[in-house]
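Contents: one structure, followed by commentary.
The values are calculated or read from the model by the stated rules, or taken from the named source; none is laboratory data. Only a predicted model underlies this, so the values are computations on that prediction, with no experimental measurement involved. A quick note on method: Cβ atoms are made from the backbone with ideal geometry, for glycine too, and the neighbour counts reach across all protein chains shown.
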Amino acid sequence: MGKLESEARYERRKGYLQSALLAAVALPGILLVAAAAPNVLQLIEKIPGSKSKFNFRMKSVASRLVEQRLVRFVERGGKKYMEITATGRRTLEKEQQLHALQMRARKRWDKRWRMIIFDIPEKYRRTRDKLRLTLRSLGFVQLQGSVWVYPYDCEEIVALMKSELRVGASVLYVIVEKIENDGALKKHFNLR
């Protein structure tokens with residue numbers, strides 16, 4: 001395995017641990033962590049090294065979460081606990097929605113297009129640019145200037161995005177049965 005591949009694998013693992021710890025703080029109990037992040041238990045078993053090395057890694061992940069203001073340490077009864085912040089809850093919810101979106105993409109297409117249409121004024125250009133970037137990163141395809149298309153159900157993630165960016169009625173979620181000349185879109189999404 002090349003150097004870039006091993007670095008990429010390390011970064012993915014780091015992200016998995018961070019997501020798992022965030023889920024563990026948000027949802028008490030190891031069973032809920034397994035439900036929130038199904039591959040976490042398998043990942044923990046495969047971490048090479050001793051228990052002290054694992055503890056060090058978890059402390060590193062915890063400190064990164066604190067730096068990102070996703071969790072905070074609180075003291076109760078003389079003991080320190082981690083508590084998820086509002087930002088952490090939103091981040092966790094976004095990750096869960098993204099995971100759900102990816103899982104839906106693996107299912108069979110229902111022959112309906114999901115369209116995002118927005119009209120955000122120039123004075124909110126930064127918000128508009130952030131929305132475009134987010135849509136692109138989620139896998140949407142730009143059909144026209146402010147019209148983006150995706151083949152699978154994504155209503156929850158769009159609602160979350162609208163709430164996060166505070167764009168409300170400026171962004172519309174539309175379900176369309178047919179788009180004229182959609183052959184290129186079908187090819188892009190590997191649809192039949």
Does Lys80 meet the test of being surrounded by 14 or more Cβ atoms within 10 Å (Cβ to Cβ) and outside the structural domain of Ile179 (by TED's automatic domain parsing)? no
Being aliphatic (A, V, I, L, M), at pLDDT below 90 and either surrounded by 13 or more Cβ atoms within 10 Å (Cβ to Cβ) or assigned to a loop (DSSP other than H, G, I, E, B) (or both) is the filter here, so list the residues in the range 136-174 that pass it. Leu138, Ile157, Val158, Ala159, Leu160, Met161, Leu165, Val167
When residues of the range 120-130 are filtered for being charged (D, E, K, R) and surrounded by 12 or more Cβ atoms within 10 Å (Cβ to Cβ), how many remain? 2
Tell me which residues, restricted to the range 175-192, are exposed (fewer than 13 other Cβ atoms within 10 Å of the Cβ), modelled with pLDDT of 85 or more and over 23 Å from Thr134 (Cβ atoms). Glu177, Lys178, Glu180, Asn181, Gly183, Lys187
Would it be correct to say that Val147 is touching a residue at least 60 places away in the same chain (Cβ under 8 Å), more than 22 Å from Glu95 (Cβ to Cβ) and touching a strand residue (DSSP E or B) at 6+ places or on another chain (Cβ under 6 Å)? no
Among residues of the range 112-139, those that are of a type in the set (Lys, Arg) and either in contact with a strand residue (DSSP E or B) (Cβ under 9 Å, 6 or more places away or on another chain) or outside the structural domain of Ala184 (by TED's automatic domain parsing) (or both), counted: 5
